[in-house]
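Chemist: This is the structure I have questions about; it appears just below.
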Amino acid sequence: MTPPASAALPVVETFHSIQGEGSHAGRSAFFLRLAGCTVGCSWCDTKGSWPQQAHPLRPLAALAAELTAAAAAGAAFVVITGGEPLHHDLTALCAQLRGAVDPPLPLHLETSGVDRLSGRFDWITLSPKRHRPPLQELLSCCDELKVVVHEPADLAFATAMAAAARQERHTAPPQLLLQPGWQSSQGRALALEFVRASPDWRLSLQSHKWLGVR
Ligand code: SF4
């Protein structure tokens, strides 16, 4: 059940940087990383975000003020990430962030898709996990399907997720992206080979990690 919207959310960090991965890679963005994740990916690079109670509750108004400053400094859009942001009801957060700048900056969401969608977004990146498959609701509305590859079974999963994402859609099919797991030489080789043979798919690299920035 989706928890009630609140006027404060647990936040790991906020920062203004460059989106490193996916279809919007290379663009200036304001990042808001919410705390709390129960998905439990073994290769997660943000395990510090898992325990929600370890991070301060921040008023939504304060987050909106940070966004106003980031927009003045050049941020082109907002990325709400985690953790798993949809563990929280994002309705009030989205409304507050939309009121922070006139005209509002586009709101992007990065999610594993295990919870119901809340809030209103301009771009949804669904990064489904093999051990916790996403809800069809998220598959049917995402703009971008980004599958992380470590081993051969991830390729079959990516293909199945792409087929599911094309079902019951009210919008255009999502962008299909394969992303090698960070420092996974097997994932890199598998993703390269798959994308070379698959005209519908694109390679996504975590360029911020190569650059050594957040
Ligand atoms: Fe980490 Fe994201 Fe997996 Fe949660 S869903 S464990 S934050 S990679």
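The values are calculated or read from the model by the stated rules, or taken from the named source; none is laboratory data. The structure presented is a predicted model; accordingly, all values stated were derived computationally and were not measured. In this analysis, Cβ positions are derived from the backbone assuming ideal geometry, glycine residues included, and neighbour counts consider all displayed protein chains. The area values use the complete protein model at the heavy-atom level, side chains included, leaving out ligands, DNA and RNA. Shrake-Rupley method; radii C 1.70, N 1.55, O 1.52, S 1.80 Å.
Chemist: Among the listed residues ASP122, ASP143, ASP115, ASP154, identify the single one that is of a type outside the set (A, V, I, L, M, F, W, C), open to solvent by less than 60 Å² (accessible area, probe 1.4 Å), on the phi < 0 side of the Ramachandran plot and more than 16 Å from the ligand (Cβ to nearest atom).
Modeler: Working: ASP122 fails: open to solvent by less than 60 Å² (accessible area, probe 1.4 Å); ASP115 fails: more than 16 Å from the ligand (Cβ to nearest atom); ASP154 fails: more than 16 Å from the ligand (Cβ to nearest atom).
Only one candidate passes the filter, namely ASP143.
Chemist: Select from the stretch 36-50 the residues that are of a type in the set (Gly, Ala, Ser) and within 7 Å of the ligand (Cβ to nearest atom) and write down the one among them that is most open to solvent (accessible area, probe 1.4 Å). Full working, then the answer.
Modeler: The initial filter retains those residues of the stretch 36-50 that are of a type in the set (Gly, Ala, Ser), namely 36, 40, 42, 48-49.
Among the residues that remain, those that are also within 7 Å of the ligand (Cβ to nearest atom) are: 40, 49.
Values: GLY40: 41, SER49: 3 Å².
My answer is GLY40.
Chemist: How many residues does the stretch 74-128 contain that are closer than 20 Å to SER17 by Cα, in contact with a helix residue (DSSP H, G or I) (Cβ under 8 Å, 6 or more places away or on another chain) and not in a loop (DSSP other than H, G, I, E, B)?
Modeler: Counting residues in the stretch 74-128 that are closer than 20 Å to SER17 by Cα, in contact with a helix residue (DSSP H, G or I) (Cβ under 8 Å, 6 or more places away or on another chain) and not in a loop (DSSP other than H, G, I, E, B) gives 8.
Chemist: A follow-up question, please. Among the numbered conditions (1) open to solvent by less than 30 Å² (accessible area, probe 1.4 Å); (2) touching a strand residue (DSSP E or B) at 6+ places or on another chain (Cβ under 8 Å), tell me where ARG33 comes up short.
Modeler: (1)
Chemist: Checking PRO134 against (1) assigned to a loop (DSSP other than H, G, I, E, B); (2) within 13 Å of the ligand (Cβ to nearest atom); (3) touching a residue at least 40 places away in the same chain (Cβ under 8 Å), which single condition isn't satisfied?
Modeler: Of the numbered conditions (1) assigned to a loop (DSSP other than H, G, I, E, B); (2) within 13 Å of the ligand (Cβ to nearest atom); (3) touching a residue at least 40 places away in the same chain (Cβ under 8 Å), the odd one out for PRO134 is (3).
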